[in-house]
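Worksheet: the structure to be examined is printed underneath.
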Amino acid sequence: MKKVILLSTILAASTLTAVPAKADNISLRICEYVQANDKSRLRSFLKQNKLKIRNIYDGLECNGDNLLIFSAKSKALEVGEFIIGKLPAKKVKPEIDNLAKYSAHLAEEARER
């Protein structure tokens, strides 16, 4: 009986630790695609994992910045435009001043939104 309880406890503990590891891997991949300015891979990765930019934007940081600022710092204009297009205007508007520091092009895209 003790073996069954011990085995079930070990299995439960292993499944609980696997979820954050997967989330870390997903966020790392998203950051890599943004930094590489690879819009097509980012889009296919989001579709593959059934994610939407507007749902993950608030909880995801790359090098301490949100996705939009990170794309501006990385000079990833194509991905930055994609992110701006997928986010609601009320989330983009507060970032315009920060965007202007790193990318005039993305700041202009955000203003047009």
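Just a few scattered comments:
- Segment S40..D97, full-extension length gain: 17.8 nm, with 0.36 nm per residue of separation and the alpha-carbon distance subtracted.
- Sorted by Cβ neighbour density within 10 Å, fewest at the top, the residues R43, R111: R111, R43
Quick note: the coordinates plus some simple rules give every number you see, no bench work behind them. All of these numbers come straight from a predicted model, not from anything done at the bench. Quick reminder, even Gly has a Cβ in these numbers, built from the backbone with ideal geometry, and neighbours come from all protein chains shown.
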